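S.K.: I have a structure I would like to understand better, so I am pasting it below and will then ask my questions one at a time.
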Amino acid sequence: MDNLEKKTPVVERAYAKINLILAVTAKRTDGYHELQTVFQSLALHDTLTFTANAGEEIALATNNPSLSAGPDNLIWRAAERLKQFYKVRAGVKIYLEKRIPLAAGLGGGSSDAAAALRGLVRFWQLPREPEVLWRIAAELGSDVPYCLAGGTALGTGRGEHLRPLPPCPHFYVVLANPGFPVATAEVYQTLREAELAPTAAVAGMLQALAEQNRMAVMRHLMNTLEKAAFRLYPQVKALKEIMAGTGAALMCGSGPTVFSLLPTVTAATALQETLWRQGYQVWLTETMQQPEGAKWLM
Ligand code: C5P
């Protein structure tokens, strides 16, 4: 009991992400799609706290009652996989303070799973073996490997093959959500062959990042999944049209959140107020560079 009480809690942040480019280039035979995507971390985050648990059990609790805190939660699955791999003979209590909206296209669940892997390496004092974490992460979901390292990165394959990119120039980011969840698989299934992106679609954004050119970053935003999501949910299209009126706007991942990149806090606050008045859920955040503590992962 003494030992349990003495163990220092570990705190880990799980950052939301947007895709500056989400180019779906081909349908694969394994049910997934081939992507070229530019991921970008946002300052908006969930917080995971790890404390000692008697015995060898994993326990999970969260402030969000609409989220399962059972073995089907991706955090729990991440903990279980890591525990099995390293044959850990200890338990953990994980508390998730949820702020990222659920099923919103912001990678909240994937980021929580990645933060659980990073946090438990520290909490259980496991070896720092990036390749082990990458493998477990890729099994948990296509976006989980990126979420391990964060920052600005190019993802290929189903999004799990990663290359770091020059950090995106700073932007304020307004996120607006029409208030319903979207099933990622359904959006991919609705995508038509003729809507697939050419493999060169990502080139302009890579150049914009290399040159640190903010206007070019705004100009090159693209998401192949918009057409499919707009067909399923015309409300998302209406939301994007409102946001595009103020500058560069794009649907996040498979939706339904839409983001806008804004150069000043004044412009961002004005857009936030317009959207509030129209009844949308709105968040004002900013782009984030890779956290120091995650650098060993990519
Ligand atoms: O990997 P993850 O569980 O996040 O993917 C959820 C669903 O999204 C998959 O089951 C698949 O239908 C679709 N998907 C896809 N191609 C990708 C990523 C996801 O078709 N590259």
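S.K.: Looking at (1) open to solvent by 10 Å² or more (accessible area, probe 1.4 Å); (2) out of contact with any helix residue (DSSP H, G or I) (no Cβ under 8 Å at 6 or more places or on another chain); (3) closer than 15 Å to Val38 by Cα, which one does Gln207 not meet, given that it meets all the others?
M.R.: Unmet for Gln207, out of (1) open to solvent by 10 Å² or more (accessible area, probe 1.4 Å); (2) out of contact with any helix residue (DSSP H, G or I) (no Cβ under 8 Å at 6 or more places or on another chain); (3) closer than 15 Å to Val38 by Cα: (2).
S.K.: Glu273 passes all but one of (1) open to solvent by less than 70 Å² (accessible area, probe 1.4 Å); (2) free of Cβ contacts under 8 Å to residues at least 60 places away in the same chain; (3) more than 16 Å from the ligand (Cβ to nearest atom); which number fails?
M.R.: Going through (1) open to solvent by less than 70 Å² (accessible area, probe 1.4 Å); (2) free of Cβ contacts under 8 Å to residues at least 60 places away in the same chain; (3) more than 16 Å from the ligand (Cβ to nearest atom) one by one, Glu273 breaks only (1).
S.K.: All but one of (1) at pLDDT below 95; (2) out of contact with any Phe, Trp or Tyr (no Cβ under 8 Å at 6 or more places or on another chain) hold for Gln189; which doesn't?
M.R.: (1)
S.K.: While we're on this one: May I ask you to list pairs of residues, at least six apart or on different chains, whose Cβ atoms are under 7 Å apart, with the first in region 27-39 being outside any strand (DSSP E or B) and the second being modelled with pLDDT of 95 or more and near the ligand (Cβ under 10 Å from one of its atoms)?
M.R.: From region 27-39, the pairs are Arg28/Glu34; Tyr32/Arg158.
S.K.: (1) within 16 Å of the ligand (Cβ to nearest atom); (2) farther than 18 Å from Thr257 by Cβ; (3) of a type in the set (Phe, Trp, Tyr): which one isn't true of Phe39, the others all being true?
M.R.: The single condition Phe39 does not satisfy is (2).
S.K.: Here's something else I'd like to know. With the requirement that a residue be touching a helix residue (DSSP H, G or I) at 6+ places or on another chain (Cβ under 9 Å) and within 28 Å of Thr29 (Cβ to Cβ), what does region 193-204 give you?
M.R.: Matches in region 193-204: Glu195 only.
S.K.: OK, next. So which of Ala238, Ala216 ends up being farther than 18 Å from Thr190 by Cα, out of contact with any helix residue (DSSP H, G or I) (no Cβ under 8 Å at 6 or more places or on another chain) and not basic (Lys, Arg)?
M.R.: After ruling out the rest, the residue left standing is Ala238.
S.K.: While we're looking at this one, here's another question. For the subset of region 155-199 comprising residues that are closer than 30 Å to Glu129 by Cα and more than 14 Å from the ligand (Cβ to nearest atom), which member is surrounded by the fewest Cβ atoms within 10 Å (Cβ to Cβ)?
M.R.: Only one residue tops the list, namely Arg163.
S.K.: Answer yes or no as to whether Leu102 is in contact with a Gly (Cβ under 8 Å, 6 or more places away or on another chain), modelled with pLDDT under 95 and either open to solvent by less than 20 Å² (accessible area, probe 1.4 Å) or within 16 Å of the ligand (Cβ to nearest atom) (or both).
M.R.: Yes: the conditions hold for Leu102.
S.K.: For Thr51, work out the one condition from (1) under 20 Å from the mean Cα position of the chain (by Cα); (2) at pLDDT 95 or above it doesn't fulfil.
M.R.: Of (1) under 20 Å from the mean Cα position of the chain (by Cα); (2) at pLDDT 95 or above, only one is false for Thr51: (1).
The values are calculated or read from the model by the stated rules, or taken from the named source; none is laboratory data. Predicted model only: the values in this text are computed from it and were never measured. Don't worry about glycine lacking a Cβ; one is built from the backbone with ideal geometry, like all the others, and counts go over all protein chains shown. SASA here: full protein model, heavy atoms, side chains in, ligands and nucleic acids out. Shrake-Rupley method; radii C 1.70, N 1.55, O 1.52, S 1.80 Å.
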